[in-house]
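Could you have a look at this structure, given as structure tokens, before my questions?
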Amino acid sequence: MHKQKCIAMLLAGGQGSRLGPLTRNIAKPAVSFSGKYRIIDFSLSNCANSDINTVGVLTQYKPFLLNSYIAQGSAWDLDAPGGGVHILPPYVGENEGSWYKGTADAVSQNIEFVDSYNPAYVLIISGDHIYKMNYNKMLEFHKQKRAEITVSTLTVPWEEASRFGVMTCDDNAKIIRFAEKPAVPESNLASMGVYIFNWPMLKQALLEDSKDPQSDHDFGKNILPRQVKQGKRVFAYNFQGYWKDVGTIESYYQANMECLNMESSFDIFDARHNIYSNEDLLPPHYVGPTARIENSIVCNGCNVLGEVTNSILAQGVFVGEGVCIRDSILLPYAKVYDQTSVLKSIVGERAEIKERCLVGAEPGTGSEQEGITVIEDHHLIPKGSVIEAGQNIYRIR
Amino acid sequence: MYNTIAILFGNSGFDSLQGLTLEGSIASTSFGGRYRLLDFALSSMVNSGIRTVGLVTPRYYRSILDHLGGGKEWFLDRKAGGLAILPGAIHGLTSHKINFRMRDIEMNIDYLHKNYAENVLISRCNQVFNFNYADALEFHNKKKADITLIFKIPEKPTDRHGRIHLFLDEAQRVNEIKKEDSEELKVPYFINQLIIRRKVLSDIIHGYKSLETVDLIQPIAENIQALKVYGYPFSGYLQTIHTVQDYFERNMDLLDHEIREKLFWGSDRIHTKVRDNPPTKYGFEARVRNSLISSGCRIEGNVENSIISRCVLIEPGAQIRNSIIMQRCTIRAGTILEYVVMDKLTEVKAGNVLKGNRDNPLVMKKTAV
């Protein structure tokens, strides 16, 4: 194989169980986002826009849709000679094989894959973050600092810092302490889960870590703190721009809604850093004579006959007559039939809500997840149903 | 269907749609928001399993080649077969009467000779339809036909001008091909799509070499008794675009739910170049009714009974009614457009009023306003 300067290892194996019904059947990176995208589009497009054309995608949880979606990576122009996208599920070798036990273990089990490209640098990224980033700038920083590890960081509000890996740096941006999700953070400089490693150094660290029975084999929890403690040259790269982890229903909902207001998110219309996707081929969307669409995003193949306000309609969505969709996200091919109201809800792919339903009705006391109602993909809600706000509706099987 | 290759005539001329196609071709003219007219013929071919398509280029072929690229979106970026560019023969000359100029094939005769396929499917680029030829090809093989002409039986007595009529016997064999207008309503007419044995086509081209500027249909008509010519019916939605009026009406047809279902939502899709645009964003002021809207638009104004192509910007207070707006136009605040066909990349400055009427839509050429 060709020698590559820098290859990316994309962690896409997490279950994403905090997304409830949305990830019951598909992996989190494959969940639809902002209408026409899937979450992994952002990381893959960042690679393409950073001229990194060799990407190993580490999958393990319900990977079918993800695998077929990524295919050869041609949708992101990643089907390059000598590179390309490689799906890397757990496998069995001559001695034994096992599931990926953690993010570090996933890379550790694919050392042979990385070695086959013999790269100088390995970029570790995650398939569940929403951001536009040029990794080349980070790589330049890494080289300029003669770093062994560079961690991409952003400054977060102090009250949120304990949700992240936080680090303390000296004046030269060298990290002197790294703490994963500390109860009492001593810094608000948070890790975005984007790292560049010198490959020989990372390989050494992974081999050490794999022998440690106490380790959770996690980059944030184990690898980084240990390397910092050992006094390696670990630097913090300060990323400027929009970045969002969509790990929970609330953050997923919020990040989608922020796309409606481009000032609080990034500009999805900015062609200089386009986000590519492997979209279905559909005709333009049709807006009917009685429809009304306000402050919303609508994708190809939709058929809108009712009212849509502050909402996102992914491709192929049907909105019947007399329907009211407000503050909601309808995932691909969801259907909402006549006279139904959908308020502050996320309707899963190919879910159907029949006539005269009310989804997201005024909640009772103590409603969960900020009152966001979530309906699993392929679920069918019968005529006249009333679903209280803040519920997770799972398909019965 | 690998035993069939195709020739797609992208050099249909006609009246150049009042200048819309002057620097392009009818084949690469934007249609239905996100498509180009040739997408319909080309998609029908590849959906029928054909993976070798030769495109006869029009005089101005930059836009058509830009659209097709390597043919990836039509599954034509292949080692075996794929998309072949066949330079059109007589640059600059266009004629209403000639559908398939034999010189265009003669110039590219290697394309025919280097293939081993049994049949050649021939079609043009000025029709809106979605047809899977699988059954027609099976019919052609079963009948051991030399040529199978695809026909349609007219639904209405109007619009018969210039049609080529076919007279068939009970076994669907074509006994006569007549160019004159027929008085009878139910006479099937040829829809400019045919299947011909590669060897027969090659022989005809060779035999008529001195008359090479004529239409391929002429030698077929002259040798109708010697050749085994059959007719195969097509009964779906098919419309031909000759004039701006046709272009306007056929676009507006797409506002009809049933026509959209037939063209776009069957098991065979119409493929087109993928641009990876963002979705369309509606603002707080947007009022859109009975319209077809493509991706990448930003809409703040009023749109009614219209077709909006990709990446169109419509500012608050702009009013667009009964119009076709092609890709990357900018419609500034306070403009009024009625019965307008707006060429791509055009900016309409604030406050402009442009009106045509249904029989005579106003065609605004690129960057004209």
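Among the numbered criteria (1) in contact with a Cys (Cβ under 8 Å, 6 or more places away or on another chain); (2) of a type in the set (A, V, I, L, M, F, W, C); (3) facing another protein chain (nearest Cβ under 8 Å), which one does residue B:314 miss?
Exception for residue B:314: condition (3).
Among A:265, A:251, which is the only one that is more than 9 Å from every other protein chain (Cβ to nearest Cβ), at pLDDT below 90, open to solvent by less than 40 Å² (accessible area, probe 1.4 Å) and outside any strand (DSSP E or B)?
Just a single option satisfies the conditions, and that option is A:265.
Based on this model, can you work out whether residue B:245 counts as open to solvent by 10 Å² or more (accessible area, probe 1.4 Å), touching a Phe, Trp or Tyr at 6+ places or on another chain (Cβ under 8 Å) and touching a residue at least 24 places away in the same chain (Cβ under 8 Å)?
Considered against the rule, which asks whether it is open to solvent by 10 Å² or more (accessible area, probe 1.4 Å), touching a Phe, Trp or Tyr at 6+ places or on another chain (Cβ under 8 Å) and touching a residue at least 24 places away in the same chain (Cβ under 8 Å), residue B:245 comes out as no.
With the structure loaded, tell me whether residue A:289 is more than 22 Å from residue A:30 (Cβ to Cβ), in contact with a helix residue (DSSP H, G or I) (Cβ under 9 Å, 6 or more places away or on another chain), within 10 Å of chain B (Cβ to nearest Cβ) and at pLDDT 95 or above or whether it fails that test.
no
Please specify each residue of the stretch B:277-327 satisfying the condition of being under 27 Å from the mean Cα position of the chain (by Cα) and among the small types (Gly, Ala, Ser).
B:291, B:294, B:295, B:296, B:306, B:309, B:323
Filter the stretch B:248-258 down to the residues that are closer than 15 Å to residue B:33 by Cα and either within 14 Å of chain A (Cβ to nearest Cβ) or in contact (Cβ under 8 Å) with a residue 12 or more places away in the chain (or both) and list them by number.
B:248, B:250, B:251, B:252, B:253, B:254, B:255, B:256, listed by residue number.
Check off (1) within 14 Å of chain B (Cβ to nearest Cβ); (2) open to solvent by less than 30 Å² (accessible area, probe 1.4 Å); (3) of a type in the set (A, V, I, L, M) for residue A:257 and give me the number that stays unchecked.
The failed condition is (2).
Would it be correct to say that residue B:255 is more than 15 Å from residue B:129 (Cα to Cα), open to solvent by 10 Å² or more (accessible area, probe 1.4 Å) and under 19 Å from the mean Cα position of the chain (by Cα)? Break it down stepwise before answering.
On the way: more than 15 Å from residue B:129 (Cα to Cα): yes; open to solvent by 10 Å² or more (accessible area, probe 1.4 Å): yes; under 19 Å from the mean Cα position of the chain (by Cα): yes.
So residue B:255 passes the test.
Looking only at the stretch A:182-216, which residues are open to solvent by 20 Å² or more (accessible area, probe 1.4 Å), assigned to a loop (DSSP other than H, G, I, E, B) and over 11 Å from residue A:165 (Cβ atoms)?
A:183, A:184, A:186, A:188, A:211, A:212, A:213, A:214, A:216, listed by residue number.
Go through (1) in a loop (DSSP other than H, G, I, E, B); (2) more than 14 Å from chain A (Cβ to nearest Cβ) one by one and return the number of the condition residue B:232 breaks.
The single condition residue B:232 does not satisfy is (1).
For every residue, the table says whether it meets (1) assigned to a loop (DSSP other than H, G, I, E, B); (2) modelled with pLDDT of 95 or more.
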position: B:58; (1), (2): yes, no
position: B:66; (1), (2): no, no
position: B:70; (1), (2): yes, no
position: B:76; (1), (2): yes, yes
position: B:83; (1), (2): no, yes
position: B:88; (1), (2): yes, no
position: B:95; (1), (2): yes, no
position: B:98; (1), (2): yes, no
position: B:120; (1), (2): no, yes
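Could you figure out which of (1) more than 13 Å from chain A (Cβ to nearest Cβ); (2) part of a strand (DSSP E or B); (3) charged (D, E, K, R) isn't true of residue B:281?
Result: residue B:281 fails condition (1) only.
The values are calculated or read from the model by the stated rules, or taken from the named source; none is laboratory data. Keep in mind that this is a model prediction, so the values were computed, not measured. Cβ atoms come from the backbone with ideal geometry, glycine included; neighbour counts cover every protein chain shown. Ligands, DNA and RNA are excluded from the accessible area calculation, which covers all protein heavy atoms including side chains. Shrake-Rupley method; radii C 1.70, N 1.55, O 1.52, S 1.80 Å.
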